[in-house]
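We did not get these values from a lab; they are worked out from the coordinates using the rules stated. Here the structure is a predicted model, which is why all the values come from computation and not from measurement. All Cβ positions, glycine included, derive from the backbone under ideal geometry; neighbour counts span all protein chains shown.
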Amino acid sequence: MKIGIYGNNIKESVAGAVDALLKLDAKYGAEFFLHADLERSLNEKYPDTAVNRKFLPSDELVAESDIIVAFGGDGTILSAARMVGRSQVPILGVNLGKLGFMAEVSLHELESFIRDIVQGKHLTEERMVLKTTLEKNDSDIFALNDVVIDNGSSSRLIHISVYVDDDYLVSYSGDGIILATPTGSTAYSLAAGGPIVVPATGVIVIQPISPHSLSARTVIVPDTSMIRIVVEHLSNEARVTADGQLVKTFTPPVNITISKASHSVQLIKQKNRSYYDVLRAKLFWGSDIRMVKGKEHEQ
């Protein structure tokens, strides 16, 4: 099996995590390729490991790999998803961050799960991607988690009208709006008061951000819907942000269309762990949060 390795160099633990994975090649017969951005940190901290390794740019890494292992937090996995694009190369997220809803394993679980992957004892989940088209813009924007339309750095309100399949839904003024996939329902949308949506559910979440109207509420629509956001001319310069990483600014008035993309992202999952297990673990459901915080403090 050919395994591509991608990581967030900002995290100090990335080089050590990559080094630990590379030591498994002889044990499990895997061939590893590394993203070019990892070359400097690996050479500095683990020069013996870096010798004779293949460091490749993004497109070559994806082309050579059967799977991509992404070391970091959810942001790293979102970045890896954008790198993988339409290729359908599955991504395994290894959590080196804090919450890590999308990451499937921690570092201490990695070796046993790599063994399972090599033996085919794993699952691959298909996750929806959103396509965003800005009026008078040549390129589309894709997001695995969410698309956020807001007022950028301005403290003034943004004025928005929402249409679903050309049917008028609502108009309001506020800080913006979030269009979230089920995968992204546990991200910004959740913080803004939105629901948790099981990833296999075929819906899109329309979540207002601090609307100046008590009647503006979360609306969940089928993933077959075409959502059109009209940013009114009363707004100042605004922005569209995909997955908190890709940003485009624009001057209203403008029409923005959001729909389900024709491609999806494949995430590698364990057979013995359900999404509900992840929710309980990450949100401490059924646990005394006072005891959890006490243990973290002791550490």
Mind jotting down the distance between the C-alpha centroids of the stretch 126-188 and the stretch 47-99, whole Å?
27 Å
Under a point spin-label approximation (7 Å from Cα along Cα-to-Cβ), what is the ILE10-THR201 distance to one decimal in nm?
3.0 nm
Once Lys and Arg get +1 and Asp and Glu get -1 on their Cβ, which of VAL265, VAL278, VAL164 lies farthest toward the positive end of the dipole of the chain?
VAL278
Around VAL164 (Cβ within 15 Å, Cβ-to-Cβ, excluding VAL164; K/R +1, D/E -1) the net charge comes to -1
Could you check what % of the DSSP bridge pairs in the chain are antiparallel, to the nearest 5?
75 percent
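How much length would be gained if the chain were fully extended between THR133 and ASP116, taking 0.36 nm per residue of separation minus their Cα-Cα distance, in nm to one decimal?
That works out to 2.1 nm of additional length.
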Pull out a ≥ b ≥ c, the square roots of the eigenvalues of the alpha-carbon gyration tensor of the chain, then state rounded if a/c is under 1.5, prolate if not and a/b is larger than b/c, and oblate in the remaining case.
prolate
Please report the relative contact order for the chain, taking Cα pairs under 8 Å with a sequence separation of at least 6, and give it as a percent rounded to a whole number.
17 percent
Over 26 Å between alpha carbons, listed pairs LYS11/LYS260; LYS131/LYS269; LYS11/LYS121; LYS2/LYS23; LYS27/LYS269; LYS54/LYS98
LYS11/LYS260; LYS11/LYS121; LYS54/LYS98
FRET efficiency, 1/(1 + (r/R0)^6) with R0 25 Å, evaluated for ARG217 and ASP277 via beta carbons
0.25
Taking the Cβ of GLY93 as the center, what net charge do the other residues with Cβ under 12 Å away carry, scoring Lys and Arg +1 and Asp and Glu -1?
-2
So if each residue of separation counts as 0.36 nm, and I subtract the Cα-Cα distance between ASN255 and LYS98, what length gain in nm does that give?
52.9 nm
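Between ASP167 and SER154, 0.36 nm times their residue separation minus their Cα-Cα distance comes to what?
That pair, ASP167 and SER154, stretches by 1.7 nm at full extension.
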Is the stretch 12-115 rounded, prolate or oblate when judged by the Cα gyration tensor, a ≥ b ≥ c being the square roots of its eigenvalues, rounded requiring a/c under 1.5 and prolate requiring a/b larger than b/c?
rounded
Which value in nm describes the separation of the simple spin-label points at HIS108 and LYS2, placed 7 Å from the Cα toward the beta carbon?
3.5 nm
Within-9-Å neighbourhood charge of ALA81 [Cβ basis; K, R +1; D, E -1]
+1
Which distance in Å, rounded to a whole number, links the C-alpha centroids of the stretch 227-245 and the stretch 6-32?
39 Å
Okay, helix-only estimate at 222 nm for the chain: each DSSP H run of n ≥ 4 adds -39500 (n - 2.57), divide by all residues, round to 500 deg cm²/dmol; what do you get?
-6500 deg cm²/dmol
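Considering Cα pairs under 8 angstrom that are at least six residues apart, work out the relative contact order of the stretch 130-260 and quote it in whole percent.
Dividing the mean separation by the residue count of the stretch 130-260 yields 31 percent.
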HN-Hα couplings for the stretch 96-109 via Karplus (6.51, -1.76, 1.60; θ = phi - 60°), in whole Hz with x for Gly/Pro, come out as 10, x, 9, 6, x, 5, 8, 5, 8, 9, 8, 5, 6, 8
